[in-house]
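Right, one structure below, let's go through it.
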Amino acid sequence: MAATDETHDAGARARGLIRALRPRQWAKNVLVFAAPVAAGTIDMRSTVTKSLLAFVAFCLAASGTYLLNDARDVEADRMHPVKRDRPIVTGLIPVTTAYAIGGVLIIAALAIGFATTRDLGITLFAYLVLTTAYSFGLKRIAILDIVAVAAGFVLRAIAGAAATGVPISEWFFIVTSFGALLVVVGKREGELSQLGDRAGEVRATLGVYTADFLRYLRSVATGVVLVAYCLWAFDSASTAGSGSVWFQLSIVPFAIAIFQYALILEQGGGEHPEQVLTSNRTILLSGAVWAIIYAYAVYRT
């Protein structure tokens with residue numbers, strides 16, 4: 001009986017560890033494929049290989065930082081209606097174990113990054129410095145907490161270029177930056193809406209932000225990302241020459257996806273962006289149509 005109980009405990013800890021690694025969050029790391037896809041080089045074997053290595057490295061780095069962050073924030077997370085059920089908070093995964101495994105994952109991520117290309121390793125290091133700074137202070141400073149999280153998304157996109165050696169256009173950088181800002185602001189809006197008066201107790205900056213201010217930031221981010229993408233599409237069309245209309249046509253599904261996401265944020269449903277982006281039918285359909293049109297525009301020659 002004792003052996004059976006130990007087996008069950010080991011199984012529960014293993015499942016808890018997998019939960020603590022947050023594999024659902026790995027969906028964010030597909031951003032490493034953005035730069036090579038936009039550059040039209042993703043069909044090359046070396047590009048695919050290096051992009052996959054960048055994806056794996058960022059998954060390891062992200063999971064490592066999640067473990068370290070959760071281990072550090074145990075007390076604060078106990079007051080959160082969702083985070084209080086996390087394996088480290090409940091004690092299923094000891095804090096010391098979380099620190100140890102998190103450190104190993106981060107070292108492995110850096111090893112893969114520098115083994116792939118020096119620039120990818122440097123980008124990963126910058127990401128880890130940013131996430132560490134966020135965990136140890138930036139998360140408690142209004143505005144900087146939003147910028148830091150958004151910068152994490154941007155570094156993922158930069159990592160794809162760093163791994164494969166493709167250039168990043170100014171439009172790509174602007175669209176990625178303000179798209180990331182839109183997602184992060186929406187997450188803060190969702191948290192503020194759900195937590196209400198207790199928001200400041202769970203996340204310090206939520207005691208500073210108001211719903212109107214976050215809505216203002218969302219409007220700015222939405223406007224910039226739409227205008228920047230339109231300019232990017234027309235710039236790409238003028239460069240491509242004949243058949244360039246496909247770049248302009250890609251604006252339609254892109255705009256529909258952004259508008260749908262903005263509607264979800266207005267309804268207070270942006271706390272878990274990875275779930276929204278992978279479950280909303282309108283966003284998924286618009287994204288698929290956009291991907292087909294944009295891919296045809298880039299790879300038709």
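Where a number appears in this text, it was derived from the coordinates with a stated rule and is not lab data. If you're wondering where the values come from, they're calculated on a predicted model, not measured in any experiment. As a convention, Cβ positions derive from the backbone with ideal geometry for all residues, glycine included, and neighbour counts pool all protein chains shown.
Things to note:
- Rounded tilt (10° steps) of 211-240 against the dominant C-alpha axis of the chain: 40
- Under the Karplus curve 6.51 cos²θ - 1.76 cosθ + 1.60, θ = phi - 60°, whole-Hz ³J(HN,Hα) for segment 275-291, x wherever Gly or Pro sits: 6, 4, 5, 10, 10, 6, 5, 5, 5, 5, 5, 4, x, 5, 5, 4, 4
- Neighbours of A61, meaning other residues whose beta-carbon lies under 13 angstrom from its beta-carbon, give a summed charge of +3 when Lys and Arg score +1 and Asp and Glu score -1.
- Relative contact order (percent, whole number), segment 169-301, Cα cutoff 8 Å, 6+ residue spacing: 30
- Over 26 Å [Cα-Cα, the chain], rounded percent: 49
- Per residue, the average separation of C-alpha pairs within less than 8 Å and at least 6 apart gives segment 92-191 a relative contact order of 24 percent.
- Annotation: extensible slack from Y216 through D235 equals 4.0 nm (criterion: 0.36 nm per residue apart, minus Cα-Cα distance).
- In degrees, nearest ten, helix 144-164 long axis to first principal axis of the chain (Cα): 60
- Binning the alpha carbon pair distances of segment 169-301 at 10 angstrom intervals from zero yields the distribution 13, 38, 29, 14, 5, 1, expressed in whole percent.
- For segment 223-301, the fraction of C-alpha pairs more than 22 angstrom apart is 30%.
- Between N280, N29, N69, the residue with the greatest mean-square fluctuation in the GNM of the chain (Cα pairs under 10 Å linked by springs) is N280.
- In the chain, the longest principal axis of the Cα atoms and the axis of helix 2-21 are about 40 degrees apart.
- Dipole of the chain, positive direction: furthest Cα of V202, G113, A10, with charges on the beta-carbon: G113
- For K28, net neighbour charge (Lys/Arg +1, Asp/Glu -1) across residues whose Cβ lies under 11 Å away: +2
- Look at the alpha carbon pairs under 8 Å that are at least 6 residues apart: their mean separation over the length of the chain gives a relative contact order of 18 percent.
- Kirkwood hydrodynamic radius computed over segment 5-163 comes to 16.4 Å, based on all pairs of distinct alpha carbons.
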